[in-house]
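S.K.: Below you'll find the structure I mean.
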């Protein structure tokens, strides 16, 4: 039996009600004033404010579109669920503010917001850092992108760890059994990649991984070439020889074919990691 489209339309409309969002277009705050009034669920378009102090203002679920809020001071303000689009917050400071589920798009904001504005829970913190990373990347601010990535990586690592280990009620109610085991695997994978190359962000860690491989190869080289295993000079000599082997310049006859394949695979992986870091660094500029 086919339902009546008109009845469906009426039924659907009954489920929706007005959000009562207040729309303010082309407004401005007075110069060097102090604002303590709540502006919850507003839509500000082309709002102007310079050197204005906002104290304990509730901006939750408010949209800031092409707004100019320069050198403003926000004290203990609530920006939960806010969206900043193509706005200018240059020189504005945020102290004790709440940015849960806030989104930034093509908005000029000082990177110090990552030091003072991150939400407490790790899952919200990584989302906050991620939206700022995309925002800074759209503006071509490479240094701020790197800072946002570091905050995001730290929050991701902590989130994975708490997902399988933390006794907090939030994590234990959300991650059980199979999902908890999955979080453990993700944490191990994250830690391993972080050690090898900082999850794509550290030349130093990649160089450290190369050093560890060369040391392991030098020890193996002593055993394969029949050198005296009790003499330290044998290992020092091996250290000077194995880089040529690792980079495919020399192929000692004593090395088994399978071992050479493993060395080739490790070389390709490390070179790939190196190129990936280089490309990402240049692509941010």
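Read-outs: derived from the displayed coordinates by stated rules, not from any lab. Here the structure is a predicted model, which is why all the values come from computation and not from measurement. Glycine also receives a Cβ, built like all others from the backbone with ideal geometry; neighbour counts cover every protein chain displayed.
S.K.: Just subtract the alpha-carbon distance of residue 203 and residue 180 from 0.36 nm times their residue separation and send over the number in nm, one decimal.
M.R.: Gain in length upon complete extension: 5.1 nm.
S.K.: For the pair residue 142 and residue 253, what calculated FRET efficiency results from E = 1/(1 + (r/R0)^6), where r is the Cβ-Cβ distance and R0 = 41 Å, to the nearest 0.05?
M.R.: Numbers: r = 48 Å, r/R0 = 1.17.
The computed FRET efficiency comes out at 0.30.
S.K.: Assuming a viscosity of 0.692 mPa s and a temperature of 37 °C, what translational diffusion coefficient in µm² per second does Stokes-Einstein assign to the chain, Rh being the Kirkwood radius over Cα pairs?
M.R.: Numbers: Rh = 23.5 Å.
Once the numbers are plugged in, D ends up at 139 µm²/s.
S.K.: Report, please, the projected area of the stretch 19-110 averaged over directions, based on the convex hull of its C-alpha atoms, in nm².
M.R.: On the way: hull surface 20.0 nm².
Its Cα hull, projected and averaged over all orientations, spans 5.0 nm².
S.K.: If I take every Cα pair under 8 Å that is 6 or more residues apart in the stretch 19-110, average their sequence separation and divide by the length, what percent do I get for the relative contact order?
M.R.: Working: 287 pairs, mean separation 20.0, N = 92.
So the answer I get is 22 percent.
S.K.: Looking only at 225, 85, 95, which one moves most when the chain is put into a Gaussian network model with springs between Cα atoms under 10 Å?
M.R.: 225
S.K.: Okay, moving on. Could you put 82, 24 in order, starting from the residue whose Cβ has the fewest other Cβ atoms within 10 Å?
M.R.: Neighbour counts put them in this order, fewest first: 24, 82.
S.K.: What number, in percent, do you get for the relative contact order of the stretch 153-285 if the mean sequence gap of Cα pairs under 8 Å and at least 6 apart is divided by its residue count?
M.R.: It comes to 18 percent, rounded to a whole number.
S.K.: Run the quick spin-label model on residue 276 and residue 115: label points 7 Å from Cα toward the beta carbon, then report their separation in nm to one decimal.
M.R.: According to this spin-label approximation, the distance is 3.1 nm.
S.K.: While we're looking at this one, here's another question. Among 158, 168, 201, determine the one that fluctuates most according to a GNM of the chain built with springs between C-alpha atoms less than 10 Å apart.
M.R.: 168
S.K.: For the stretch 116-220, state what percent of all Cα-Cα pairs lands in each successive 10 Å bin, counting from 0 Å until the bin that includes the largest distance.
M.R.: Per 10 Å bin, starting at zero, the Cα-Cα P(r) for the stretch 116-220 comes out as 15, 33, 30, 17, 5, 0 percent.
S.K.: Can you tell me, using C-alpha contacts under 8 Å and at least 6 residues apart, the relative contact order of the chain as a whole percent? Numbers along the way, then the final one.
M.R.: Working: 469 pairs, mean separation 23.4, N = 285.
Rounded, it is 8 percent for the chain.
S.K.: Arrange the following residues from fewest to most other Cβ atoms within 10 Å of their Cβ: 237, 152. Present the calculation step by step, with values, prior to reporting the outcome.
M.R.: Values: 237 16, 152 22.
Sorted ascending by nearby Cβ count, the order is 237, 152.
S.K.: Springs between alpha-carbon pairs under 10 angstrom, Gaussian network model over the chain: which of 58, 26, 141 fluctuates most?
M.R.: Of the options given, 26 has the highest mean-square fluctuation.
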